[in-house]
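The values are calculated or read from the model by the stated rules, or taken from the named source; none is laboratory data. Bear in mind that the values here come from a model prediction, so they are computed numbers and not experimental data. Here Cβ is always computed from backbone atoms with ideal geometry, including for glycine, and neighbour counts include all displayed protein chains.
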Amino acid sequence: MSSEVKKGALGFKANTPAERFFNGLIAENPTLVLMIGMCPTLAVTSSAINGLGMGLATTFVLALSNAVIAALRKTIPSTVRIPSFIVVIASFVTLVQLLMQAYLPSLNNALGVYIPLIVVNCIIFGRAEAYASKNGIVPSFFDGIGMGLGFTCAITCIGLVREFIGAGTAFDVQILGEGTVVPGVVGSLLSGYQPISIFIQQAGAFFVLAFLIAIMNKVKSNLSAKGKDTSKFGNGCCSSAEEAAADKIMADKEAGKEAK
Amino acid sequence: MGETIVSLIGLMITASLVNNVVLSQFLGLCPFLGVSKKTDTALGMGAACIFVITMASLVCSIIYKFILNPLDLSYLQTIVFILVIAMLVQFVEMVLKKYVVSLYQALGVYLPLITTNCAVLGVALNNVTDGYSILESTVCGFATAVGFTIAIVILAGLREKMEYNDIPAPFKGMPMVLLTSGLMAIAFTGFSALK
């Protein structure tokens, strides 16, 4: 077995930079397949630009914190690894925050409190725990880049859908509705569109994500009907730990009642 | 004095209903979606959140006012706050276990889950951004957590009823919960008239 080359995602050799990159981008896309990091996915996708900015900020933090954690993986004792990871991640988040305040003030204002909250994004902590703490610096760095860009693509697309339906714009360019940039007859047809503004409000985020997860559930059941492995697919949110704990609490309570 | 109380009540209404932490700011979504299967557990989670978020807002705002701000270290707030919150949750758990056993039995199981709740850090950071005093921060923290409790208990009640409904297969579970939350978010926008 040892002479055999271990196959990674999409037929690449496992743990090479390219394999890690495409694994994060497609095979284990954090938003669409693993379904983790849903708080920022809901909060910042009111426009494609916001999604893109948030995604790139997360990618930056994810790639660098993965590399640093991989470099320190033999130095950090496993009992204090969680606080150590948090400090590393929080340092990079502070770095991003200061850079954005200096060079992209308008984006920083639009994203607001969600930039420092990258610290508690479960994608970053999850990758540190599941990958970077067990692998070398280079694959961990590319794992971060792949996962980060996978997240960026997914939330930019969600942002684009919400912006397009809710305001008739794409990347702040008016396409549907009044003042459309499309000329001629097509333009006059498009200008009759009434934007459904609920989609750029809070409720729209919940609706779009609900449909996205429903679509992924359908894809998942189709794949498993064909006999493919669907164990990687998440069940809808990073809340599986919470759900398991809540189930345990209820089970304990019922066991307590029966004992009485 | 009278004016302060009126402004604090206004702050409480804004923080709990108008800017509801889950439905309009999307903070603390994980426990909101995860622990809302039963009203019992939802209430317990809400109570634990009220306790921790109020304490965390108080402690973080004291640290900001007396250590970070005077020493010009406010850029360290994210790192300091997250460590303080993680420590505080551990500390509260230990103190309750040793001295207030009845409260520990009611809230203890929820405490480890709260460290990962982004609402705690979000409220602490928002208090600094909004320039609240220590009293205002604590009140705001308390009211935010009350808002969280209101939302999670309503959702849990709806989910208990929904269990008997016939839902299309792909929408079973999380998508249906999200759709319900979306409808709740629409309902809560009604409170913005109170501002």
### Task
Determine if the stretch B:41-51 includes at least one residue that is more than 17 Å from the chain's Cα centre (by Cα) and touching a residue at least 12 places away in the same chain (Cβ under 8 Å).
no
### Query
Just a yes or no: is a residue in the stretch A:31-43 over 11 Å from the mean Cα position of the chain (by Cα) and modelled with pLDDT of 85 or more?
yes
### Query
Here are A:A130, A:A102, A:A110: which of them is exposed (fewer than 15 other Cβ atoms within 10 Å of the Cβ), assigned to a helix (DSSP H, G or I) and away from chain B (no Cβ under 12 Å)?
A:A130
### Query
Looking at this structure, is B:T115 at pLDDT below 85 and within 11 Å of chain A (Cβ to nearest Cβ)?
yes
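So that you can scan it fast, the table gives a plain yes or no per residue for (1) within 11 Å of another protein chain (Cβ to nearest Cβ); (2) surrounded by fewer than 18 Cβ atoms within 10 Å (Cβ to Cβ); (3) within 20 Å of B:C140 (Cβ to Cβ); (4) out of contact with any His (no Cβ under 6 Å at 6 or more places or on another chain):
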site: B:D40; (1), (2), (3), (4): yes, yes, no, yes
site: B:C49; (1), (2), (3), (4): no, no, yes, yes
site: B:I53; (1), (2), (3), (4): no, no, yes, yes
site: B:V59; (1), (2), (3), (4): no, no, yes, yes
site: B:Y64; (1), (2), (3), (4): no, no, yes, yes
site: B:L68; (1), (2), (3), (4): no, no, yes, yes
site: B:L71; (1), (2), (3), (4): no, yes, no, yes
site: B:T78; (1), (2), (3), (4): yes, no, yes, yes
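Quick check on A:L176: is it farther than 23 Å from B:M184 by Cβ, in contact with a Phe, Trp or Tyr (Cβ under 6 Å, 6 or more places away or on another chain) and modelled with pLDDT under 85?
On the way: farther than 23 Å from B:M184 by Cβ: yes; in contact with a Phe, Trp or Tyr (Cβ under 6 Å, 6 or more places away or on another chain): yes; modelled with pLDDT under 85: yes.
So A:L176 fits the description; yes.
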### Query
Can you name every residue in the stretch B:107-120 that is part of a helix (DSSP H, G or I) and crowded, with 24+ Cβ neighbours inside 10 Å?
B:Y110, B:I114, B:C118, B:A119, B:V120
### Message
Test of understanding: among A:F92, A:F141, which residue is within 12 Å of chain B (Cβ to nearest Cβ), more than 16 Å from the chain's Cα centre (by Cα) and at pLDDT 90 or above?
### Response
A:F92
### Message
Can you say whether B:I150 is under 27 Å from B:L83 (Cβ atoms) and of a type in the set (A, V, I, L, M), as far as the supplied structure shows?
### Response
no
### Query
Condition test on A:F164, is it part of a helix (DSSP H, G or I), of a type in the set (F, W, Y), within 14 Å of another protein chain (Cβ to nearest Cβ) and out of contact with any Cys (no Cβ under 9 Å at 6 or more places or on another chain)?
no
### Task
Examine the stretch A:194-210 for a residue that is surrounded by fewer than 16 Cβ atoms within 10 Å (Cβ to Cβ) and within 14 Å of another protein chain (Cβ to nearest Cβ), and state whether such a residue exists.
yes
### Task
Inspect all residues belonging to the stretch A:140-157 and state whether any of them is in contact (Cβ under 8 Å) with a residue 12 or more places away in the chain, farther than 16 Å from A:T58 by Cα, surrounded by fewer than 23 Cβ atoms within 10 Å (Cβ to Cβ) and not hydrophobic (A, V, I, L, M, F, W, C).
no
### Residue within the stretch B:149-159 that is basic (K, R) and assigned to a helix (DSSP H, G or I) present
yes
### Query
Among the residues of the stretch B:94-112, is there at least one that is within 11 Å of another protein chain (Cβ to nearest Cβ), in contact (Cβ under 8 Å) with a residue 60 or more places away in the chain, among the aliphatic types (A, V, I, L, M) and closer than 23 Å to B:L11 by Cα?
no
### Query
Can you tell me which residue in the stretch B:121-137 is farthest from B:A86 (Cα to Cα), limited to those that are surrounded by 20 or more Cβ atoms within 10 Å (Cβ to Cβ) and facing another protein chain (nearest Cβ under 9 Å)?
B:N126
